[in-house]
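J.: Structure provided below as C-alpha cells; questions to follow.
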Amino acid sequence: MHDSHKFKIPMGPQHPALKEPESFSIALKGEKILGVEIRLGYNHRGIEKACEERSYIQDIYLIERVCGICSHSHSTCFIQAVEEIACLQIPERAKYIRTLIGELERIHSHLLWLGVAGHEIGFDTLLMYTWRDREVVMDLLAELTGNRVNYAINTIGGVRRDVSEQQALDVLKAVDILEERTKYYIGIATTETSIIKRLLGVGVLSHEDALRLDAVGPTARASGVTRDVRRDDPYAAYGSLSFDVITDNHNDVYGRTLVRVKELLESFKIIRQVIKDMPAGPLSVKAPRKIPAGEALSRYEAPRGEDMHYIKSNGTEKPERVKVRAPTLANVQAVKHMLKDRYLADMPIVIAAIDPCFSCTDRLISVDYLDTNRKQIIKWQDLHAYSIAWHRRHGIDFTKLNKETRGAGF
Amino acid sequence: MKPGRMMHQVLHSLFKKPATNLYPYEKLEMAGKIRGKLKFYPQKCIGCKLCMRDCPSGAITIKKTGEKQFEAEIDLGKCIYCAQCVDVCPKGALEFTQDIELAELDGAKLKVVFRNGPQDSPQEKTS
C-alpha cells in the first residue's frame with residue numbers, strides 16, 4: 001500500500017473479523033485510519049415496536065431475546081421499570097436471586113470477552129481456556145434457571161425459581177474453581193510480555209474523551225471514570241452488598257482487559273455475600289395484568305455497561321412505548337475516536353475491546369439526502385420492494401420461478 | 001514471564017481423555033430442571049385459554065372438542081420453551097418435561113396434538 005494514496009474500504013456487514021453483521025466504512029491513508037463511518041441497521045429486528053403489540057408478560061420473553069449474552073440484564077431492566085410504574089415492592093429474596101443471576105451472567109460475559117480478545121490478537125490458547133471455564137458458569141446457570149442462555153427467571157413482581165440449599169453449595173463450589181482460574185488469568189495478563197506489548201497503547205480513549213463521548217461500563221472505567229450503576233443507583237440487592245468499582249488509568253485495550261478480569265473477582269465477592277445473606281421468604285408478589293398509566297426509566301449495569309429502558313404505559317395490558325438503550329450504542333461513538341490515526345490492523349481488537357453487541361444496538365435505517373437535506377426512514381416493506389425492483393432491473397427476476405414452483409407444491 | 005508457565009496445563013490436557021462426547025451414543029445429563037418439551041393433560045384442562053393469551057410466540061392452541069373436552073396443539077417450532085403457560089395454568093394441566101432433543105427434518109412433525117384417548121389417558125399425536 002502506498003502511503004500517498006487515500007482510499008475507502010468497506011468492512012462488513014459480512015466479514016470474517018466481525019462476529020456480528022455490522023458495516024464499517026474506513027477511510028485510509030496507506031495503513032493509517034483517517035476516519036471510520038459506522039452504519040448501524042443490519043441487525044435491526046423491530047423489537048421495540050413488537051413490544052407495543054404484546055402484553056407485558058409476553059414482552060419479558062421478547063426483551064430477554066434482545067441479546068443472547070446479557071439476556072438477564074435486559075429483562076431485569078425492563079421489569080424494574082414495569083414494577084416502578086405499578087408500584088410493586090418485590091420480596092427481598094427475589095432481589096437477591098436477581099443479583100445472583102446478574103453476577104453469574106457478568107462472569108460468563110467477561111470470560112467470553114477475554115476469550116474473544118485473545119482470539120482477536122491471535123492468542124487462541126486463551127480462548128480455549130476461558131471458554132472451558134465459562135462452561136462451569138453456563139452449567140450453573142442451566143441448573144439454577146432451566147436454560148443456558150435465555151434464563152427466564154424474572155417475572156413481574158419477583159422471580160420464578162427458588163435457589164435450593166444444594167444449589168447454593170454448587171454455586172460456592174463453582175466460584176472457588178473460577179476464582180483460582182481467574183487469578184491465573186490475571187497473572188498472565190499482567191506478566192506475559194507479548195500480551196502487554198500487543199495491547200498497551202492500542203485504542204486509546206482519554207479520560208476527558210470518555211466523559212465527553214459518554215462511554216459506559218468497562219470502557220469508561222478503563223479510562224478512569226468511576227461510573228457504575230450498581231453503586232451510583234443501587235437496584236436489586238446491590239445497596240446492601242459491599243464491593244469495589246474497578247477502575248484503571250491505562251486508557252487503552254490493556255486497561256479494559258485489566259478492568260474486566262478484576263471485575264470477575266468482585267463478582268465472586270458479591271456472589272459469596274449474596275449466598276450468605278440471602279433472606280428466606282416468598283419469591284414474588286402478585287402483579288396486575290393491566291399496568292396503570294405512567295412512565296418510568298430504569299438503569300442496570302449490564303456486563304458491557306449501563307443499560308437503559310424507558311417504558312410508557314397507558315393503563316392497558318400492553319405498553320405504549322418501550323425504548324431500549326443498550327450499552328454498545330453508548331460506546332460505539334467512542335470506537336470511532338479510538339480508531340482515528342491508528343493502524344488498520346488494530347481495528348478488530350479495538351472493536352472487540354468495547355465488547356460490542358450489535359444485535360442489541362441496531363436501529364432503524366435512516367437515509368440522509370445530502371443534496372436536499374431531506375431525511376427519510378425506510379420501512380422494511382419499502383426496502384424489500386426496493387431490493388426486489390433493483391435486482392429485477394439488473395436481470396434477477398424471480399417472478400417466473402415463483403409461478404413454476406408454486407404449482408409444484410413448494 | 002518465565003517460558004513454559006502454561007506448561008502444566010498442556011501436560012495436564014495431554015494425558016486426559018478427550019473432552020468431546022460421543023453424542024448421540026453417549027448422552028449428557030443436564031443438571032437441574034431444564035425447560036423442554038411441553039406435556040398437556042386434557043382431563044385437567046378447563047378451557048380458560050390463559051396459556052394461549054400469555055404465550056409469547058403463539059405456539060399453543062386449545063380447542064374444544066366436546067362437552068368439557070379440550071385438546072391442545074403445540075407447535076414445537078414456534079415454542080420458545082419459557083414455560084410461562086405452565087406458570088399461568090390454574091389447574092396444572094400443562095407441564096414441561098426434560099425432553100430437549102426435538103430436532104425434526106419434517107416440519108409437520110413439530111406440531112404435536114394432545115387429546116383424550118379411549119381410556120381417558122392423554123394421547124400424543126403428531127399431525
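J.: Could you check A:Lys8 against (1) open to solvent by 70 Å² or more (accessible area, probe 1.4 Å); (2) in a loop (DSSP other than H, G, I, E, B) and say which number it fails?
T.: Looking at each condition in turn, A:Lys8 falls short on (2).
J.: Related question: Got a sec? Which helices (runs of 4 or more DSSP H) wholly within region A:314-385 have at least 2 residues that are open to solvent by less than 40 Å² (accessible area, probe 1.4 Å), modelled with pLDDT of 65 or more and more than 14 Å from A:His44 (Cα to Cα)?
T.: Ranges flagged: A:327-339, A:347-353.
J.: Go through region A:301-323 and count every residue that is among the β-branched types (Val, Ile, Thr) and over 23 Å from A:Ala237 (Cα atoms).
T.: Residues that pass the stated criteria total 2.
J.: Then there is this: Conditions first: (1) within 14 Å of chain A (Cβ to nearest Cβ); (2) open to solvent by less than 50 Å² (accessible area, probe 1.4 Å); (3) of a type outside the set (Phe, Trp, Tyr). B:Ile62 passes all but one, so which condition is the exception?
T.: The failed condition is (1).
J.: Let me ask something else. For A:His119, indicate whether it is crowded, with 23+ Cβ neighbours inside 10 Å and either without any contact (Cβ under 8 Å) to a residue 60 or more places away in the chain or within 14 Å of chain B (Cβ to nearest Cβ) (or both).
T.: no
J.: Those residues that are more than 10 Å from chain B (Cβ to nearest Cβ), in contact (Cβ under 8 Å) with a residue 24 or more places away in the chain and out of contact with any Gly (no Cβ under 6 Å at 6 or more places or on another chain), I need them from region A:123-141; list them, please.
T.: A:Phe123, A:Asp133, A:Arg134, A:Val136, A:Val137, A:Met138
This table checks each residue for (1) assigned to a loop (DSSP other than H, G, I, E, B); (2) of a type outside the set (S, T, N, Q); (3) away from every other protein chain (no Cβ under 14 Å); (4) within 15 Å of A:Ser298 (Cα to Cα).
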site: A:Val66; (1), (2), (3), (4): yes, yes, no, no
site: A:Ile69; (1), (2), (3), (4): yes, yes, yes, no
site: A:His72; (1), (2), (3), (4): no, yes, no, yes
site: A:Phe78; (1), (2), (3), (4): no, yes, no, yes
site: A:Glu84; (1), (2), (3), (4): no, yes, yes, yes
site: A:Cys87; (1), (2), (3), (4): yes, yes, yes, yes
site: A:Gly102; (1), (2), (3), (4): no, yes, yes, no
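J.: Considering only region A:264-291, state which residues are assigned to a helix (DSSP H, G or I) and over 25 Å from the mean Cα position of the chain (by Cα).
T.: A:Gln273, A:Ile275, A:Lys276, A:Asp277
J.: Looking at A:Ile69, A:Ile60, A:Ile85, A:Ile79 in this structure, which one is over 23 Å from A:Asp162 (Cβ atoms) and touching a helix residue (DSSP H, G or I) at 6+ places or on another chain (Cβ under 8 Å)?
T.: Being over 23 Å from A:Asp162 (Cβ atoms) and touching a helix residue (DSSP H, G or I) at 6+ places or on another chain (Cβ under 8 Å) holds for just one of A:Ile69, A:Ile60, A:Ile85, A:Ile79, which is A:Ile69.
J.: Only residues that are of a type in the set (D, E, K, R) and at the interface with chain B (Cβ under 8 Å from one of its Cβ atoms): list them for region A:49-58, please.
T.: The one that is of a type in the set (D, E, K, R) and at the interface with chain B (Cβ under 8 Å from one of its Cβ atoms): A:Arg54.
J.: Sort through B:Lys49, B:Lys27 and tell me the only one that's modelled with pLDDT of 85 or more and closer than 29 Å to A:Glu64 by Cβ.
T.: Only one candidate qualifies: B:Lys49.
J.: Would you point out the residue of region B:15-57, among those that are more than 11 Å from every other protein chain (Cβ to nearest Cβ), in a loop (DSSP other than H, G, I, E, B) and among the polar types (S, T, N, Q), that is most open to solvent (accessible area, probe 1.4 Å)?
T.: Top of the filtered list is B:Thr20.
J.: Pairs only if they're at least six apart or on different chains, beta carbon under 6 angstrom, first in region A:179-201 and at negative phi, second at pLDDT 85 or above and open to solvent by 40 Å² or more (accessible area, probe 1.4 Å); list them, first residue then second.
T.: Within 6 Å, no pair qualifies.
J.: Mind counting the residues in region A:224-239 that are in contact with a strand residue (DSSP E or B) (Cβ under 7 Å, 6 or more places away or on another chain) and not in a helix (DSSP H, G or I)?
T.: Final tally of qualifying residues: 3.
J.: Then there is this: Determine the pairs where a residue that is within 10 Å of chain B (Cβ to nearest Cβ) and open to solvent by 30 Å² or more (accessible area, probe 1.4 Å), located within region A:142-161, has a partner that is assigned to a loop (DSSP other than H, G, I, E, B) and among the hydroxyl-bearing types (Ser, Thr, Tyr) with Cβ atoms under 8 Å apart, the partner being 6 or more residues away or on another chain.
T.: Note: pairs meeting the criteria are A:Asn147/B:Tyr81.
J.: What about A:Leu172, is it modelled with pLDDT of 90 or more, more than 10 Å from chain B (Cβ to nearest Cβ), over 24 Å from the mean Cα position of the chain (by Cα) and not in a loop (DSSP other than H, G, I, E, B)?
T.: For A:Leu172, the condition - modelled with pLDDT of 90 or more, more than 10 Å from chain B (Cβ to nearest Cβ), over 24 Å from the mean Cα position of the chain (by Cα) and not in a loop (DSSP other than H, G, I, E, B) - is met.
J.: Kindly indicate which of A:Leu144, A:Leu126, A:Leu62 is part of a helix (DSSP H, G or I) and under 21 Å from the mean Cα position of the chain (by Cα).
T.: A:Leu62
J.: Do we have any residue at all in region A:207-222 that's more than 11 Å from chain B (Cβ to nearest Cβ), in contact with a strand residue (DSSP E or B) (Cβ under 6 Å, 6 or more places away or on another chain) and under 29 Å from A:Leu126 (Cα atoms)?
T.: Among the residues of region A:207-222, at least one is more than 11 Å from chain B (Cβ to nearest Cβ), in contact with a strand residue (DSSP E or B) (Cβ under 6 Å, 6 or more places away or on another chain) and under 29 Å from A:Leu126 (Cα atoms), which makes the answer yes.
J.: Okay, next question. Counting just the residues of region A:270-295 that are surrounded by 17 or more Cβ atoms within 10 Å (Cβ to Cβ) and in contact with a strand residue (DSSP E or B) (Cβ under 8 Å, 6 or more places away or on another chain), which one comes out nearest to A:Asp176 (Cα to Cα)?
T.: Here the answer is A:Leu283.
J.: Scan region A:225-263 residue by residue and report those that are over 19 Å from the mean Cα position of the chain (by Cα) and aromatic (Phe, Trp, Tyr).
T.: A:Tyr238, A:Phe243, A:Tyr254, listed by residue number.
J.: Moving to a separate point now. (1) open to solvent by 40 Å² or more (accessible area, probe 1.4 Å); (2) within 11 Å of chain A (Cβ to nearest Cβ); (3) free of Cβ contacts under 8 Å to residues at least 24 places away in the same chain: which one isn't true of B:Ile80, the others all being true?
T.: (3)
J.: For A:Ile188, indicate whether it is β-branched (Val, Ile, Thr), surrounded by fewer than 23 Cβ atoms within 10 Å (Cβ to Cβ), more than 10 Å from every other protein chain (Cβ to nearest Cβ) and in contact with a helix residue (DSSP H, G or I) (Cβ under 8 Å, 6 or more places away or on another chain).
T.: Considered against the rule, which asks whether it is β-branched (Val, Ile, Thr), surrounded by fewer than 23 Cβ atoms within 10 Å (Cβ to Cβ), more than 10 Å from every other protein chain (Cβ to nearest Cβ) and in contact with a helix residue (DSSP H, G or I) (Cβ under 8 Å, 6 or more places away or on another chain), A:Ile188 comes out as no.
J.: Restricting attention to region A:216-223, does a residue exist that is among the polar types (S, T, N, Q), outside any loop (DSSP other than H, G, I, E, B) and over 18 Å from the mean Cα position of the chain (by Cα)?
T.: no
The values are calculated or read from the model by the stated rules, or taken from the named source; none is laboratory data. Fair warning: this is a prediction, and the values are worked out from it, not measured in the lab. All Cβ positions, glycine included, derive from the backbone under ideal geometry; neighbour counts span all protein chains shown. Ligands, DNA and RNA are stripped out before the accessible areas are found, and what is left, the full protein with its side chains, is counted by its heavy atoms. Shrake-Rupley method; radii C 1.70, N 1.55, O 1.52, S 1.80 Å.
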